[in-house]
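> Here it is: the structure, laid out below.
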Amino acid sequence: MDKKHLRAVGLLIAIPFALSSSFAFAADTSSNTQDFGEATTPSTTARTIPIKQNTTWVEVKDGEVVNFAVNGQTFGWHFDGINTLSEIDLNKIAPAGALDHQVKVYINRRGDTDGA
């Protein structure tokens with residue numbers, strides 16, 4: 001093979017590895033819960049979202065402080081993180097053992113709301 005063909009083969013091999021490592025980096029940053037905000041003490045001025053057995057998702061606004069009421073306990077979260085992703089598993093930010101099923105939190109970063 002001449003140099004031109006070797007260079008093309010090298011690029012074909014290198015591109016998938018470069019793409020897979022950039023996807024891995026993006027996945028690693030999304031697992032850091034601090035990127036989505038921080039835990040707060042439950043507040044009477046915050047909106048409380050009840051999490052029931054049939055709850056599979058909830059929507060919050062970027063910058064909002066929310067109380068989650070789950071199985072008789074309440075915990076708060078301030079969604080003020082730097083992450084630009086728009087969803088997180090509630091299980092990642094809930095106190096250990098609070099949830100017994102998966103619930104997605106969709107973060108509305110545009111500022112509009114559908115009434116949720």
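> Among the candidates S43, S30, S22, which residue alone is more than 11 Å from V105 (Cβ to Cβ) and at pLDDT 65 or above?
Going through S43, S30, S22 in turn, just one is more than 11 Å from V105 (Cβ to Cβ) and at pLDDT 65 or above: S43.
> Give the residues of segment 36-84 that are small (G, A, S) and not in a loop (DSSP other than H, G, I, E, B), sorted by residue number.
Within segment 36-84, A39, A69, G76 meet the criteria.
The values are calculated or read from the model by the stated rules, or taken from the named source; none is laboratory data. Bear in mind the structure is a predicted one, so any value in this text is a computation, not a measurement. So basically every Cβ, Gly included, is an ideal-geometry build from the backbone, and we count neighbours across all protein chains shown.
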